[in-house]
Amino acid sequence: MPTIFTVLFDGRFWVGVLERHDAGRVRAARVVFGAEPSDVELHAWLLAHGSELLERVERAPRVRETRAGQPRRINPKRALRLAAREAARAQRRSSRRSRQRSDDDILLDGSTIVGRPASRAGAHWAGVLMSLVLLPMAWFFVHGAADVLTRTVEPHRFAFNPKAIFELVAGLLTMGVALWTARRSSLGSIVVGALSAVLGLLFLLLPASMNGIVGPVLDRLAAQSALGADLAAYFWTDAYSGKFVVLGLFMVMVGVVSHSARRAGRREQEIIDRGRRF
């Protein structure tokens, strides 16, 4: 691996060219002296900066030393021009790769590659089941409390009733648990609310048909027991007064707002995490 250092005048300045030949290829690096250096100055410069010049040669691109299979020594100036040309080509290739990356991948800058998110089917099913069980229970307890309070006092008067307070607290706790499940999945609130609203609309818009379908069921339920009579009365009151529609729309909006807030929170956290990375 012959290494040759040549000092020459390039037309403007005195320069030094270091060439390293290896297997038909050559690497070259140049240093500008300005005025012509003396032997002493050249020796001192090589002692101080020779290792740095060798490292530059190792990093320089290799160019062919032969043409048509005939070996020849390349003029130092030509070696420099070839090295500069090869470096420019490498820089252009790097720029093209950078532009290609900019076109293809810049939209993914700052993103985090993660695996497939865990399925939320279990949370959705649990939310639906909890809402189907708890929300009707809460509705019944609150209705029972209101019925007890309104039947045991005179109109426009108020009184304390422990039984009614107990039923009201039970209803509020049950509703609180049902709504708490919406923080994991809003599907339960939306499903129960939609069913209630649709059922209420059917009673308001198709009363004759609902009399033939639901009326006999409520009659049999009321004849079974006092609990059945209360349940039939509560159902008929809310269906006939439109409360089912109001409660249904309320539950649907609770689910929608909860879902929107959860998505907004995730987006905000992603923005915060991206800002921390940068």
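Since every read-out is calculated from the coordinates, none of them should be taken as a lab result. These numbers come from a predicted model, not from an experiment. For neighbour counting, all protein chains shown are included, and Cβ atoms are generated from backbone atoms with ideal geometry for every residue, glycine included.
Give me HIS49, HIS156, HIS143 ranked fewest to most by other Cβ atoms within 10 Å of their Cβ, as a rough exposure proxy.
In order of increasing Cβ crowding within 10 Å: HIS156, HIS49, HIS143.
What does region 122-277 give for Rg and for Dmax, in Å, if only its C-alpha atoms count?
19.3, 68
Once R0 is set to 22 Å, what does the formula 1/(1 + (r/R0)^6) return for the Cβ-Cβ distance between MET210 and MET253, expressed as a FRET efficiency to the nearest 0.05?
It comes out at approximately 0.30.
Could you give the nm distance between label points at ASP219 and ASP22, where each point is 7 Å from its Cα heading toward the beta carbon?
Output for this residue pair reads 10.3 nm.
For HIS43 and ARG59, compute 0.36 nm times the residue count separating them, minus their Cα-Cα distance, and round to one decimal in nm.
Answer, rounded to one decimal: 3.4 nm.
With all distinct Cα pairs included, what does the Kirkwood hydrodynamic radius of region 4-69 come out to in Å, to one decimal, could you say?
After inverting the pairwise mean of 1/r, the radius is 12.8 Å.
Taking the alpha-carbon centroid of each part, what is the distance from region 120-167 to region 41-60 in angstrom?
90 Å
Could I have the simple spin-label model distance between MET137 and VAL7, label points 7 Å from Cα toward Cβ, reported in nm to one decimal?
Between MET137 and VAL7, the label points sit 9.8 nm apart.
Amide H of GLU19 versus every other amide H placed in the peptide plane: which residues, excluding those fewer than 5 positions away on the same chain, fall under 5 Å?
ILE4, PHE5, THR6
Could you run the Karplus curve 6.51 cos²θ - 1.76 cosθ + 1.60 with θ = phi - 60° over region 194-206 and give me ³J(HN,Hα) per residue in whole Hz, x for Gly and Pro?
Using θ = phi - 60°, the values come out as 5, 4, 5, 5, 5, 5, x, 5, 4, 5, 7, 8, 10 Hz.
First measure r as the distance between the Cβ atoms of ARG151 and ARG120, then evaluate 1/(1 + (r/R0)^6) with R0 = 51 Å and state the FRET efficiency to the nearest 0.05.
FRET efficiency, ARG151 to ARG120: 0.70.
Test of the criteria: in region 144-200, which trypsin sites (Lys or Arg not before Pro) are in a DSSP loop and have at most 15 other Cβ atoms within 10 angstrom of their Cβ?
Listed in order of number, the matching sites are ARG157.
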